Amino acid sequence: MFSTRSGAARLALGTIIVLIAVKVIVAVVTGSISITAQATDSFLDLIAVAITLFAVRMAMMPADEEHPFGHGKVEGIAAIIQAVLIVGAGGFIVYSAVMRIVDGATVEMTEAGIGVMLFSTVVSIFLARHLSRVSRSTRSLALEASARNITADIYSAAGVLLAMVSIRLTGLAIIDPIIALCVAILIFKSAYDVIRKSVRELADARLPEEEEKTLTTTIIEHRGQLAGFHAIRSRRAGNQRFIDLHLVMPRNASLEEAHAMCDHIEEDIKTRLPGTSVTIHCEPCQVECAECRVLGCSLRQ
């Protein structure tokens, strides 16, 4: 139920709503700026997951007349929006922490803060792992961005938990805004990672090196039937890959043989790189060879 892109997004949505409610209540009771920062971060996670859910549904829509390559880039746009929200949350936390240092407010009922942050840390660990697993299996950039957001929450929640324990033991309330500033740094780092990866996809960057290596290996395995290949181009949009390339066929290969070879290689590529749209341009070999390395080609000349 929660192993699909939309199912994982709904699970994240419900979980974050619960975390926000608990953190807001405890933040009001304790007066802790670090817990308030956590609640703010979770609220932005809620908005981000809502955006993710919308983007995932849009990205799953099939290609149409106006979008012949599908709607995969919606996920990249959603990830950029999430990153902007993350930066906004970090800025708010920095401002609030600095004002708390200046004003010197105290923190009360640290036991409640310890309990809620421990709960938040454990829940966030399980949620982030699940979102990461689903994002890898479905190749969803939006879910990956949400998983990164939740992962940042794990570290920040653990930091706030440590702050609450320290304040409880030492009585030094200054620890609270200092930890909040550390949370802001983690938030900014998460935003940078999301923006960097999203911009690469929206700018049609090539596929990762390991995927392109898989592609070339698949083609090279047919070297006994091809004269060569070149002009490989690749990109990714959401969970969809797009590849186009030129295959060089033996000069005397028939149209039927060339077409069959293109279909065969296309299927091999799709098997090894699921969710790939392949476009192949076929051209004849222009080289005169006494002994061609392509099986049977020299016998035809």
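Bear in mind that the values in this text are calculations on the coordinates, not laboratory data. Worth saying up front: this structure is predicted, and the values here are computed from it rather than measured. Cβ placement follows ideal geometry from the backbone for every residue including glycine, while neighbour counts extend to all protein chains displayed.
Going 7 Å from the Cα of F2 toward and past its Cβ, which residues in the range 24-57 have a backbone nitrogen under 20 Å from where you end up? It comes to 42-57, nothing else.
Amide H to amide H, with H built 1.01 Å from N, S277 comes under 5 Å of R241, F242, I243, counting only residues 5 or more places away or on other chains.
Rounded to the nearest whole Hz, the Karplus-based 3J(HN,Hα) values (6.51 cos²θ - 1.76 cosθ + 1.60, θ = phi - 60°) of the range 183-194 follow the sequence 4, 4, 4, 4, 5, 5, 4, 4, 4, 4, 4, 5, with x at glycine and proline.
Evaluating 6.51 cos²θ - 1.76 cosθ + 1.60 at θ = phi - 60° for every residue in the range 2-12, the Karplus couplings come out as 9, 8, 8, 4, 5, x, 5, 5, 5, 4, 4 Hz, glycine and proline recorded as x. Between amide H atoms placed 1.01 Å from N, distances below 5 Å from F229 occur with V248, all of them 5 or more places distant or on a separate chain. How much of the pair distance distribution for the range 5-202 lies past 25 Å, counting alpha-carbon pairs only, in percent? So the pairs more than 25 Å apart make up 36 percent of the total in the range 5-202.
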